Structure formats: structure tokens, C-alpha cells
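Novice: The structure follows.
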Amino acid sequence: MNASACAKIILVGEHAVVYGVPAIAVPLSSVRAYVTVHLATAFAITAEANAGFLLTLQDDHPFVQLACGLASAVNAPVPPVELRIQSDIPVASGLGSGAAIATALARALLNHWQASLPQEALNALIYQSETYYHGTPSGVDNTVIVYEKPVYFRRGHPIRILTNFRPFTLVVANTGIAAPTREAVSDVRRLYEADRERLTRTFEQIAALVDQSLAALQTGDAPTLGRLFNRNHELLRELTVSCPELDQLVARALATGALGAKLSGGGRGGNMIALTSPDRALAVEAALRDAGAVWTNVVEVKP
Ligand code: PMV
């Protein structure tokens, strides 16, 4: 039995989204985490790529807590099965690997029970498991991954699925630097505590550019969306969550004709995204590889 979940990309609004600013995020459906279910004598979670990875019911781990939470949600005992993870999503890189694996695990267990949960309930359980790594995540990652739809996400507001925008092309490139989101998020928190007025102004600027990005998406105005990506990257640099390798990939993408480029996700490493016309995508991808990207992906984003 097989289950899977997609990776995700934040287009605009990361970090500020933790403070109530909206963010726009899209699924990356071609890059996924998979879980297969195997009969066993006791419950276990293993990872194909990491033969030493073994979690049992005794472990205090968010994936185990998730299995227990699901069991009580469907009124069934945790079954004696091995859940085997295989993931194509680079870890600690801003693509939502943790939330995707959690979602695939949950779907595999639900399939095993031949049970289903409303998406809101599944989303709440995945959010819960995210808090273990991220402290107080905004919820954008789990939402875009569970619904596997482009979303305009604002903390504490109903989820808005974006159904009405023109397709566009992104190149995603990974610096190869694993960067824990939790640290970047707590550094931004320290900056905020030290100078609330300045940071509030930065968040307001990001909020405005997220709404302008939504309008640009809806009218298919890629040049404007590109400029908004560049502006968002500058503001993320001010929040200290970029790094020289991300800045270098952004600069290289722009020099190769991308319409805009920015880091995506927690930053300090991980991934950047470049908006390109479809005919420039392969050239931008090759340039990013040449500039040191260890993993790249070209994606056409559609409603
Ligand atoms: O690095 P990722 O993919 O987990 O993205 C984190 C996004 C942040 O806005 C930095 C944090 C959050 O909880 O939304």
C-alpha cells in the first residue's frame, strides 16, 4: 500500500507570515515523499535511504505522536505495521520535507485502516507534528501540502485556495546548505523584540508586496511578479535570513534573464526560486547549476 505527499514552495511572504502577514505558496507535485506499509510484528517507522532510521511506539517523536493522534481520531489501535519512508524532497531546504513526510505517513495509515479524515482535521494533525521542529510554525507548509493546491495563507484566517491565475514557470535551486528553519525564525524573533517598529515596517512592506503579487498572478503580469520577488528577497536580506550562496544564485538567475528571484522558505541556505519565461527556464537552470546549485527543478505552476 502506497501513499505520498508533495513538496511546497513559498512564492512570497515567508517569515513575515509568522507575524500575521499573508503568504502565497504552491505545491511542487513532481517532488514527493512516499510511504509504503508492510506487515510487521510491531509498529515501526523506517526510512529507505537511512537504514539506521527506526522509530517505535516508545519514541517521543512527532511522527509517532502523529500516528497516535490519528489512531484516536479514527478510533483504532496503532497497527503492527512498518511504515517505510522514501522521499525525493531535499531535507532542511525550505521545501517542506517534514510536513510532506508527516502527511504521507498519515495517508498511509488512513489507507491501511481504510479510513478517511476531513482535510481540515488532517491539516490540524500535521500542524501539530510540525510544532515539534519549528516551535510555532505559521501553518503555511502543512496547508499547501495537505491540500496540494496553491494557497493565499494568512494565519488565523480561512484558507484561500487560488483557482484563478495564469500559469507561470519557476526554476527551483538548492544551495546544498541544510539550514534549520527554527533557528532563522528565532533570529527574526530576536530582531523583532529588539526593534519592533522597524520590523513592523518591514512586515508591512512584505504584506503589501504579497497582495501585489496576488494581483500580478491573477492578471498574468510576470514582469511585475518578478520585480516583487526581487523586492521580497531584499526585505528577507534585511531580516538576515539570506546568505552569500543564496544571494549568488539570485544574482546569477537575474544575470541569465530571470524576471525575478528570491530565497524561498526559512533561508540561510536551502532553496531559491527564479521566475522565468518558459523559453529561458533551461538556460537559467543550467546557469544555477554552474553557480553551485546541487539540485534544481523546473516547474510550471498552474491553478
Ligand atoms: O523552511 P520552510 O520550508 O519550513 O519554510 C518556513 C517558512 C517560515 O515562514 C520561515 C516559517 C513558518 O512557520 O511559516
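Novice: Note the per residue figure in Å³ for the convex hull of the C-alpha positions in the stretch 26-122.
Specialist: 111 Å³
Novice: Restricting to the stretch 14-92, what percent of DSSP beta bridges are antiparallel, rounded to 5?
Specialist: Close to 75 percent.
Novice: Which whole-number percent gives the relative contact order of the stretch 1-143, counting Cα pairs below 8 Å spaced six or more residues apart?
Specialist: Relative contact order here is 30 percent.
Novice: So what is the calculated 222 nm ellipticity per residue for the chain, using -39500 (n - 2.57) for each DSSP H run with n of 4 or more, over all residues, to the nearest 500 deg cm²/dmol?
Specialist: Result for the chain: -14000 deg cm²/dmol, rounded to the nearest 500.
Novice: Apply the Kirkwood formula to the chain: the hydrodynamic radius equals the inverse of the mean of 1/r over all pairs of different alpha-carbon atoms; give it in Å with one decimal.
Specialist: For the chain, the Kirkwood estimate is 19.6 Å.
Novice: Another question, then. For the stretch 59-186, what relative contact order do you get, as a whole percent, if you take Cα pairs closer than 8 Å and at least 6 residues apart?
Specialist: Computed value for the stretch 59-186: 26 percent relative contact order.
Novice: Where nothing but the Cβ of Lys and Arg (+1) and of Asp and Glu (-1) is charged, how large is the charge dipole of the stretch 170-227 around its Cα centre, in debye to the nearest 20?
Specialist: Computed about the Cα centre, the dipole is about 100 debye.
Novice: Sorted from fewest to most neighbouring beta carbons within 10 Å, what does the list D88, D141 look like?
Specialist: The order, fewest Cβ neighbours first, is D88, D141.
Novice: Now for a different question. Would you mind listing how long the stretch 158-303 runs along its three principal axes, going by Cα atoms, in whole Å with the largest first?
Specialist: 45, 35, 25
Novice: Still on this structure, please answer the following. Treat every Asp and Glu Cβ in the stretch 34-161 as -1 and every Lys and Arg Cβ as +1, leave all other atoms uncharged, and give the resulting dipole magnitude about the Cα centre to the nearest 20 debye.
Specialist: Here the stretch 34-161 has a charge dipole of around 400 debye.
Novice: Show me the helices of the chain, taken as full DSSP H stretches, that run 15 Å or more along their long axis by Cα and average 0.0 or above in Kyte-Doolittle hydropathy.
Specialist: 62-74, 97-113, 244-255
Novice: State the answer as a single residue: which of T200, A40, V172 lies farthest towards the positive end of the charge dipole of the chain, with beta carbon charges of +1 for Lys and Arg and -1 for Asp and Glu, about the Cα centre.
Specialist: The residue sitting farthest along the positive end of the dipole is T200.
Novice: Quote the relative contact order of the stretch 136-290 in percent (integer), defining contacts as alpha-carbon pairs under 8 Å separated by 6+ residues.
Specialist: Dividing the mean separation by the residue count of the stretch 136-290 yields 29 percent.
Values in this text are rule-based calculations from the coordinates and carry no lab data. Bear in mind that the values here come from a model prediction, so they are computed numbers and not experimental data. Cβ: placed from backbone, ideal geometry, glycine included. Neighbour counts: every protein chain shown.
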